[in-house]
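S.K.: Encoded as structure tokens, here's the structure I'll be asking about.
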Amino acid sequence: MTLDPKTAEADLAFMRALVEDDGSHSRDFGLIYMFAGVLYGLQCFANWALMVSATEVSPLIWMAVGWGPTVLFIIVISHNSWKNRADPYGSGTTKRAVGAAFTGAGIANLILALIFGWVAYQKRDWSIWLLFPVVVCALQGAIWFATAILRRHFWYGVTAIGWFVSAMGLGVLVDQTLDYILVLGLALFAWMALPGFLILRSTQQRTSKP
């Protein structure tokens, strides 16, 4: 059996690409992830405050709280996608794999939101809709678990565990709406806004070094 030098070089290049990794997510990913955590975390706290309020709340306020964060997030996502349209996942196989995984999870979240929302509307049972964030937390935990294995960062694993624990906690609190909303808001800040901030800061520190 003979070894073709060109084949060997191609194999080495492929193996090098598999482990290529700059040790961080892009600045844009950190910013978007942090932005999403803050937006939807504040949305949860605002909903909780409106629900416990003794005064009558205008439907316009409910609509603003319900749709405002999503509208803002879609604008940010659209701008980022357009800006990075030539290379949406960055360089390096690991980095591209992680970026593709989070993008796939985002698409899955959108589809699941439509499914849970439609079924809840058809059944006139909004407890069905409350299962949607449970699934989202579990999906985020799975993505962070895979990311922790690929990148070998301890706090990525902690984030994965945090998402899994949050999913189980929300599942238990489905029938306790106020507590459910508070826990979800805390989870979004702890496991989305904070990781996004840490990724953003680490990227900025790395790029600021001479």
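S.K.: Of all residues in region 123-179, which are within 12 Å of Pro195 (Cβ to Cβ) and of a type in the set (S, T, N, Q)?
M.R.: Gln140, Thr147, Thr159
S.K.: Would you point out which residue out of Arg151, Arg124 is touching a residue at least 60 places away in the same chain (Cβ under 8 Å), basic (Lys, Arg) and farther than 17 Å from Leu188 by Cβ?
M.R.: Arg151
S.K.: In addition: Could you run through region 151-210 and say how many residues are among the β-branched types (Val, Ile, Thr) and under 23 Å from Lys95 (Cα atoms)?
M.R.: Going through region 151-210 one residue at a time, the tally reaches 6.
S.K.: So how many residues does region 23-66 have that are assigned to a loop (DSSP other than H, G, I, E, B), among the acidic types (Asp, Glu) and either touching a helix residue (DSSP H, G or I) at 6+ places or on another chain (Cβ under 8 Å) or within 19 Å of Leu194 (Cβ to Cβ) (or both)?
M.R.: Counting residues in region 23-66 that are assigned to a loop (DSSP other than H, G, I, E, B), among the acidic types (Asp, Glu) and either touching a helix residue (DSSP H, G or I) at 6+ places or on another chain (Cβ under 8 Å) or within 19 Å of Leu194 (Cβ to Cβ) (or both) gives 0.
S.K.: Select from region 154-208 the residues that are of a type in the set (S, T, N, Q) and more than 19 Å from the chain's Cα centre (by Cα) and list them in ascending order.
M.R.: Within region 154-208, Gln176, Thr177, Gln204, Gln205, Thr207, Ser208 qualify.
S.K.: Then there's this: Starting from region 167-179, take each residue that is without any contact (Cβ under 8 Å) to a residue 12 or more places away in the chain and list its partners that are among the β-branched types (Val, Ile, Thr) and surrounded by 14 or more Cβ atoms within 10 Å (Cβ to Cβ), counting only C-beta distances under 8 angstrom and pairs at least six apart or across chains.
M.R.: Once the first residue is without any contact (Cβ under 8 Å) to a residue 12 or more places away in the chain and sits in region 167-179, its partners that are among the β-branched types (Val, Ile, Thr) and surrounded by 14 or more Cβ atoms within 10 Å (Cβ to Cβ) give Leu173/Val183.
Bear in mind these aren't lab numbers, they're just calculated from the coordinates by the rules spelled out. Keep in mind that what you see is a predicted model, and the values were worked out from it rather than measured. No Cβ is skipped: glycine too gets one built from the backbone with ideal geometry, and neighbour counts run over all protein chains shown.
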